[in-house]
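The values are calculated or read from the model by the stated rules, or taken from the named source; none is laboratory data. These numbers come from a predicted model, not from an experiment. A quick note on method: Cβ atoms are made from the backbone with ideal geometry, for glycine too, and the neighbour counts reach across all protein chains shown.
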């Protein structure tokens, strides 16, 4: 029997100003443009005070520790390290803000071990999908990583 191929993941999410552990407050500025212009479908809606009232996965990522795939089930290869990034509205670069481990996969959800975002001052900025993946990101919210790509991202965090 052959060795099972285990792969890390990188997940691209929308910016969340509550450390991905609550609904955004005062969600007006340019960092939210991918939510309100529809680039990312996060059901963007605000109350009269400018606080988000949408039910997006970004608001519970660091409390419920899972990500959902609307296009189908995750592969069994979804194991190991998972990196979290978001793309600022200025360009298509990525900001690495978090890291965890895959805990389990159940159908269309991948669950992570409990984690907190990397402190703001230590976020890894100006990453380009081509430098990580060898090609542009395209559509979708996640990609599987090779061991080399995982090492590259781990070295950036150290």
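Looking at residue 63 and the list (1) modelled with pLDDT of 95 or more; (2) part of a strand (DSSP E or B); (3) under 22 Å from residue 25 (Cα atoms), which single condition is not satisfied? Result: residue 63 fails condition (2) only.
Of all residues in region 34-45, those satisfying the criterion of being crowded, with 18+ Cβ neighbours inside 10 Å and out of contact with any helix residue (DSSP H, G or I) (no Cβ under 7 Å at 6 or more places or on another chain) are 34, 35.
Right, residue 101: touching a strand residue (DSSP E or B) at 6+ places or on another chain (Cβ under 7 Å), modelled with pLDDT of 95 or more and farther than 19 Å from residue 15 by Cα or not? Answer is yes for this residue.
Selection of region 147-158 for residues being surrounded by 13 or more Cβ atoms within 10 Å (Cβ to Cβ) and assigned to a loop (DSSP other than H, G, I, E, B) yields an empty set.
Set side by side, the residues 92, 49, 16, 55 differ, and just one is part of a loop (DSSP other than H, G, I, E, B), on the phi < 0 side of the Ramachandran plot and buried (at least 16 other Cβ atoms within 10 Å of the Cβ), which is 16. Checked across region 75-87, the condition of being at pLDDT 85 or above, surrounded by 15 or more Cβ atoms within 10 Å (Cβ to Cβ), more than 11 Å from the chain's Cα centre (by Cα) and assigned to a loop (DSSP other than H, G, I, E, B) holds for no residue. For residue 81, the criteria (1) in contact (Cβ under 8 Å) with a residue 12 or more places away in the chain; (2) farther than 20 Å from residue 148 by Cα hold in every case but one, which is (2).
Restricted to region 32-46, and to residues there that are in a loop (DSSP other than H, G, I, E, B) and over 16 Å from the mean Cα position of the chain (by Cα), the residue that is modelled with the highest pLDDT is 45.
Here residue 103 meets the list (1) surrounded by 17 or more Cβ atoms within 10 Å (Cβ to Cβ); (2) assigned to a strand (DSSP E or B) almost entirely, failing just condition (1). Has region 109-126 got any residue that is in a loop (DSSP other than H, G, I, E, B) and modelled with pLDDT under 95? Within region 109-126 (the criterion being in a loop (DSSP other than H, G, I, E, B) and modelled with pLDDT under 95), the answer is no, since none of the residues qualifies.
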